[in-house]
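A.B. asks: Could you have a look at this structure, given as structure tokens, before my questions?
The values are calculated or read from the model by the stated rules, or taken from the named source; none is laboratory data. Everything numeric in this text was worked out from a predicted model, so none of it was measured. Note that each Cβ is placed from the backbone with ideal geometry, even for glycine, and that neighbours are counted across all protein chains shown. Side chains included, ligands, DNA and RNA excluded: accessible areas come from the protein's heavy atoms. Shrake-Rupley method; radii C 1.70, N 1.55, O 1.52, S 1.80 Å.
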Amino acid sequence: MNAKSIRVAVTRKLPASVEGRLSDLFETTLQTRSAPLSLAALIDLAQHVDVLAPTLGDRLDAAFFDAAGERMKLVANFGAGTDHIDVAAANARGITVTNTPSVLAEDAADMAMALILAVPRRLVEGVRALETGQFHGWSPTWMLGRRVRGKKLGIIGLGRVGEAIARRARAFGLSIHYHNRKPINPHIEEELDATYWDSLDQMLARVDIVSVNCPHTPATFHLLARRRLELLQPHAYVVNVSRGEIVDEEALASMIEEGRLAGAGLDVYERGAPSEKLLKAPNVVLLPHMASATVESRIEMGERMIINIKMFADGHKPPDRVILGLDDDLEPDV
Ligand code: DGY
């Protein structure tokens, strides 16, 4: 197949170098907008291309695939998470789905580590105090947070991002605990001096900070439901740079407000943006889903997406095929 005869459509504005490369290689429809397209526009694009390159926020469900017609054979997602795509429905129609794993792991881990430090040490509160004229000089009892060194970090889903967080956390003197479906490679476990917990409930009851790093799947929806949040000690913090749906946000906000949890550092939310209740909760640092927002990550995500499309165009299996059943447990996909 001549790659240039392959028609590709992206659904969002992408970094200029990625757009340039796509246009060099394929007959490409680009976008000028950073906001999601309407469903009708998505369907219209899909009907006229061989490859659709969607991203987070484009909901590709079974009805979408029904309406998309016969031509499209590859959905090359720009991003690691694919919970917005019904992969089973795509595969049932002979459509391959790929993602862009690994390339954003280090940047996502930096942001998780930033939250692990920022919440107990009241970083954002301190900045706000200064900006609003509440700083009247150093005092022995003002703006006291909690020490990070020596605390236990419980990672839910120790995969690429989780491991990168663990490495950082160890340098800050945290001990590493994790819950996966099964233990990780023993060499890595030993190197991280990580303790495996078969029981998530038991791990939650013992750690000081929880980091959510598993993908959002039907099995992980509200994995941290109220019942599990109640297992945490009242001095514990929750950090999440994965997907909002994994945590019961309403319960989390209530428990922080009631002092039954110490706080949270979040980059992702159940409904895309934080609820009013969460915005008003004390001891929270809330970010606008920016854990992978570096120039480098976004370019590498684009390059990875292009490799998948090129392999497909050349008649090979794209390397980052999303395989159903592989990620439908606690093993992270980012
Ligand atoms: C992804 O790639 O799924 C990330 O959530 C984007 O930050």
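A.B. asks: Collect the residues in the stretch 270-287 that are surrounded by fewer than 12 Cβ atoms within 10 Å (Cβ to Cβ) and within 16 Å of the ligand (Cβ to nearest atom), keeping them in residue-number order.
C.D. replies: Within the stretch 270-287, Arg271, Gly272 qualify.
A.B. asks: Hey, another quick one. For the list (1) open to solvent by 10 Å² or more (accessible area, probe 1.4 Å); (2) within 30 Å of Phe26 (Cβ to Cβ), I need the number of the one condition that Ala313 fails.
C.D. replies: Exception for Ala313: condition (1).
A.B. asks: Residues Gly137, Gly162, Gly126: which one is farther than 27 Å from Val8 by Cβ and either touching a helix residue (DSSP H, G or I) at 6+ places or on another chain (Cβ under 9 Å) or of a type in the set (Phe, Trp, Tyr) (or both)? Give the derivation first.
C.D. replies: On the way: Gly137 fails: either touching a helix residue (DSSP H, G or I) at 6+ places or on another chain (Cβ under 9 Å) or of a type in the set (Phe, Trp, Tyr) (or both); Gly126 fails: either touching a helix residue (DSSP H, G or I) at 6+ places or on another chain (Cβ under 9 Å) or of a type in the set (Phe, Trp, Tyr) (or both).
Exactly one residue qualifies, and that residue is Gly162.
A.B. asks: Further question on the same structure: If you go through the stretch 78-101, how many residues are within 23 Å of Ser242 (Cα to Cα) and either without any contact (Cβ under 8 Å) to a residue 60 or more places away in the chain or part of a strand (DSSP E or B) (or both)?
C.D. replies: The number of residues fulfilling the criteria is 6.
A.B. asks: Give the residues of the stretch 294-310 that are of a type outside the set (Gly, Ala, Ser), within 16 Å of the ligand (Cβ to nearest atom) and open to solvent by less than 70 Å² (accessible area, probe 1.4 Å), sorted by residue number.
C.D. replies: Selection gives Thr294, Ile299, Met301, Arg304, Met305, Ile306, Asn308.
A.B. asks: Out of the residues in the stretch 32-70 meeting the condition of being touching a residue at least 40 places away in the same chain (Cβ under 8 Å) and more than 17 Å from Arg298 (Cβ to Cβ), tell me which one is nearest to the ligand (Cβ to nearest atom).
C.D. replies: The qualifying residue nearest to the ligand (Cβ to nearest atom) is Leu52.
A.B. asks: Among the residues of the stretch 249-284, which ones are within 19 Å of the chain's Cα centre (by Cα), of a type in the set (A, V, I, L, M) and in a loop (DSSP other than H, G, I, E, B)?
C.D. replies: Hit for the stretch 249-284 is Val268, nothing else.
A.B. asks: List the residue pairs whose Cβ atoms are under 8 Å apart, where the first residue sits in the stretch 175-191 and is over 20 Å from Arg206 (Cβ atoms), the second is open to solvent by less than 70 Å² (accessible area, probe 1.4 Å), and the two are 6 or more positions apart or on different chains.
C.D. replies: Ile188/Glu163; Ile188/Ala194
A.B. asks: Can we say Gly126 is away from the ligand (no atom under 12 Å from the Cβ), farther than 20 Å from Val49 by Cα and open to solvent by less than 50 Å² (accessible area, probe 1.4 Å)?
C.D. replies: yes
A.B. asks: Need the failing condition index for Arg12 against (1) away from the ligand (no atom under 13 Å from the Cβ); (2) of a type in the set (Lys, Arg); (3) assigned to a loop (DSSP other than H, G, I, E, B), just the number.
C.D. replies: Single failed check for Arg12: (1).
A.B. asks: For the stretch 38-51, enumerate the residues that are under 24 Å from the mean Cα position of the chain (by Cα) and over 15 Å from Ile85 (Cβ atoms).
C.D. replies: Hit for the stretch 38-51 is Ser38, nothing else.
A.B. asks: Can you name every residue in the stretch 174-190 that is farther than 15 Å from Ala164 by Cα and either touching a Ser or Thr at 6+ places or on another chain (Cβ under 9 Å) or open to solvent by less than 40 Å² (accessible area, probe 1.4 Å) (or both)?
C.D. replies: Residues satisfying the conditions are His179, Asn180.
Residue-by-condition table, conditions (1) within 19 Å of Asn213 (Cβ to Cβ); (2) modelled with pLDDT of 95 or more:
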position	(1), (2)
Leu279	no, yes
Val285	yes, yes
Ile299	no, yes
Ile323	no, no
Val334	yes, no
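A.B. asks: Could you tell me whether Ala291 is surrounded by 13 or more Cβ atoms within 10 Å (Cβ to Cβ) and more than 16 Å from the ligand (Cβ to nearest atom)?
C.D. replies: So Ala291 fails the test.
A.B. asks: Could you check Glu270 against (1) touching a Gly at 6+ places or on another chain (Cβ under 6 Å); (2) at pLDDT below 95 and say which number it fails?
C.D. replies: Unmet condition: (2).
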